[in-house]
1. What shape does region 24-90 take by its C-alpha gyration tensor, where a ≥ b ≥ c are the square roots of the eigenvalues and a/c under 1.5 counts as rounded, a/b above b/c as prolate, and the rest as oblate?
2. Kindly state, to the nearest 0.05, the FRET efficiency for residue 76 paired with residue 19, given R0 = 45 Å and r defined as their beta-carbon distance.
3. If packing is taken as the mean number of other Cβ atoms within 10 Å per residue, what is the order of 123-135, 143-155, 172-184, highest first?
4. Quick one: grab the alpha carbon gyration tensor of region 87-192, order the square roots of its eigenvalues as a ≥ b ≥ c, and give me rounded if a/c is under 1.5, else prolate or oblate depending on whether a/b is larger than b/c.
Amino acid sequence: MTTAVHHKIIFLTGALLLLIATATAAYLAEPWWLLLPLGCAVITALILHPNLLFDVLLFTIPWSSEFQFSSGFGTDLPDEPLMLLMAFSAIFLLILRQHQWFKRSLHPLLILLLVQFLWLTVSVAFSTHFLLSVKYFLAKSWYLLAFVAAPLLLWQSKASIKRSFAVLLVSMLLVTSVTLVRHAITGFTFSTINHALEPFFRNHVN
């Protein structure tokens, strides 16, 4: 399939999605539906450009905060949705670059991770709390895909590693500076430190 055909398919899909979103927004009188095509375009662009997605993920980690949507469901935004996208992108990369993956010699630490993951798979299959085990398995999988598989495939040079390091460093310095300024306003008192750290570092674990 030629590049021109690819572009035509993307254009027609985008136009159809925009038409559906516009009609839905008009029918329901909810303008938020117009954000759907933009969201899909951003998600598609990030998945198709994994280096950009990985850098965006690294930048958002220090700024992410926990949100509780209900008593039983909470997540960190925006980094956890980005981690999920990065996991899907890593799967695509593993499929497209499988020759590169299998030719690379495996580090002992990576072998240990693979052995642990295989044992985790076996444990899930025989778990007495199957649904809880599956949730843990999925969470572990997307962390390994986003922060182990993806960097191994994306970091092809020292320059790419330095870029990712710089992105995370700048983001961390910014959020640390904001925290220091907020704490300075209260005179660096011990009683106000937790308030100054929120919402980015709401406890000592973060």
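1. Details: a/c = 2.51, a/b = 1.25, b/c = 2.01.
Note, shape of region 24-90 comes out oblate.
2. Plugging the Cβ-Cβ distance into 1/(1 + (r/R0)^6) gives 0.85.
3. 143-155, 172-184, 123-135
4. Because a/c hits 1.5 or more and a/b fails to exceed b/c, region 87-192 counts as oblate.
FYI, it's all coordinate maths here, none of it is from the lab. Everything numeric here is computed off the predicted structure, so don't read it as measured data. A quick note on method: Cβ atoms are made from the backbone with ideal geometry, for glycine too, and the neighbour counts reach across all protein chains shown.
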